[in-house]
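The values are calculated or read from the model by the stated rules, or taken from the named source; none is laboratory data. The shown structure was predicted, so the numbers you read here are calculated from the model rather than taken from an experiment. Here Cβ is always computed from backbone atoms with ideal geometry, including for glycine, and neighbour counts include all displayed protein chains.
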Amino acid sequence: MKNSYLEVKKRQIEILKKYYEVDEEKKIVTVPINYEKASDMLYNEVSIKSPRFNDDIFHEVRDIIDRVPFDYKVNVDYIVDDYEDYKASEIMESMNDGMELENYSLVKQSKHKWLVSAVLVLIGFLVLFLKVSAVFTNFISDSSGKAVFDEIMDITGWVFIWEAVSTMFLSPTDEQMTSTAIKFRVSNFSFKDKNGNVLAQETIEEASNRWIGETKVKRFGRVCLLVSGVAFCGLAFANLFIALKTTFFDTEFMEQEYAVIIATAIIFIVAHLVAFQILGGLSAISRYRGRGFLIRGTGVFAILLGLAMVTLVVFAIVLKRPSVIISASFGLILSTFYLTGYLIDVFDKKVKRGI
């Protein structure tokens, strides 16, 4: 297999050398792209004052990159016979502006895809949770009906989870693939005249360093907010179900002394907890998105949910209910993620404001 790969790569290089300059030592392929006029590189609504680079050219560059061995990088030389009244530096700036705007757009799309995927996973797990719960509560007594119900719920749950994975990882857009190819496979862009003189040149690292991006810590904080927010919404439904199951379907519990009073207390506490978890989850999701009417309440919800989870853990231990203990412990872990994401987001905003 290794020899086959090397032979294919060697053949690729041989073919590329017929059309492009190939530096095997530095592993760089220099690709000249020729234009008669500078306006051919711009959108039709061209302006001498602010020329706008045609984004379709990036797709042409990507097509060339796809033909180059993966361990090689590409130098792109735009050779223009007549720059008309435009300056090469202005067109270079316009090209960089186009790449930067595309990057911001892709970041926004990525945040949306993460949110959609998280919600789909949540729905999938809730469906599977209901399937498992129906078994313990004997919701369906008929064996044939139970088998059909299990099959439907199983397929439905996994369809949602698979759709989430497909949305996030298996369906990149053409714009994402083009942006990634340029960012990681292009070494530099150059604008030259018809005699080969370099009028403007910049590496992709120099261009991307000017982009306003998120730090790894900021991205981790956003993930914490998204995961804890969506999970709290799911946990709210799980806690509600567990409370109802304990108070209405657990015959051993209902036979205890003061069972009705305890059941009423459980429903009262869980109802408030569910409200806190749903509102808190939506608040975290709003902060993840950067907008929403609950975004200002994230800090308050972080404290309340943390206290509520600690209280529920103690309450569950007193009741000696394993399912409630597990649910409460999981909620306590989520509260930690929730608070971490909130603090990172607040600190990041203060740093940007120079506070």
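Key figures for this structure:
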quantity	calculated
Pairs with Cβ under 6 Å, 6+ apart, first in region 183-208 and touching a residue at least 24 places away in the same chain (Cβ under 8 Å), second exposed (fewer than 14 other Cβ atoms within 10 Å of the Cβ) and hydrophobic (A, V, I, L, M, F, W, C)	Ser190/Val198; Lys192/Val198
Subset of region 58-68 [crowded, with 16+ Cβ neighbours inside 10 Å and closer than 19 Å to Glu14 by Cα]	Ile64, Ile65, Val68
Evaluation of Val76 against (1) part of a helix (DSSP H, G or I); (2) more than 29 Å from the chain's Cα centre (by Cα); (3) among the hydrophobic types (A, V, I, L, M, F, W, C) (one fails), failing number	(1)
Qualifying residue in region 306-329 (condition: assigned to a helix (DSSP H, G or I), modelled with pLDDT of 80 or more, surrounded by 14 or more Cβ atoms within 10 Å (Cβ to Cβ) and of a type in the set (Gly, Ala, Ser))	no
Restricting region 169-182 to residues that are without any contact (Cβ under 8 Å) to a residue 60 or more places away in the chain and assigned to a helix (DSSP H, G or I), the residue that is nearest to Met99 (Cα to Cα)	Thr180
Residues of region 184-222 that turn out to be small (Gly, Ala, Ser) and crowded, with 17+ Cβ neighbours inside 10 Å, as a count	5
Any hit, region 29-49, residues being more than 30 Å from Met168 (Cα to Cα), part of a loop (DSSP other than H, G, I, E, B) and in contact with a Leu (Cβ under 8 Å, 6 or more places away or on another chain)	no
Enumeration of residues in region 184-215 that are of a type in the set (A, V, I, L, M) and either part of a strand (DSSP E or B) or touching a Ser or Thr at 6+ places or on another chain (Cβ under 8 Å) (or both)	Val186, Val198, Leu199, Ala200, Ile204
Residue pairs meeting the criteria (Cβ under 7 Å; at least 6 apart or on separate chains; first under 10 Å from Leu225 (Cα atoms), in region 276-296; second buried (at least 17 other Cβ atoms within 10 Å of the Cβ) and of a type in the set (Val, Ile, Thr))	Gly281/Val230; Ser283/Ile295; Ser283/Thr298; Ala284/Thr298; Ile285/Val230; Ser286/Ile295; Arg287/Ile295; Arg287/Thr298
Odd one out for Thr167, checked against (1) modelled with pLDDT of 85 or more; (2) farther than 30 Å from Glu90 by Cα; (3) β-branched (Val, Ile, Thr)	(1)
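Listed here are the residues, each with its yes/no results for (1) in contact with an Asp or Glu (Cβ under 6 Å, 6 or more places away or on another chain); (2) in contact (Cβ under 8 Å) with a residue 12 or more places away in the chain; (3) surrounded by 15 or more Cβ atoms within 10 Å (Cβ to Cβ).
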residue: Val80; (1), (2), (3): no, yes, yes
residue: Tyr83; (1), (2), (3): no, yes, yes
residue: Tyr86; (1), (2), (3): no, yes, yes
residue: Ser89; (1), (2), (3): no, yes, no
residue: Leu101; (1), (2), (3): no, no, no
residue: Leu106; (1), (2), (3): no, yes, yes
residue: Gln109; (1), (2), (3): no, yes, no
residue: His112; (1), (2), (3): no, no, no
residue: Val119; (1), (2), (3): no, yes, yes
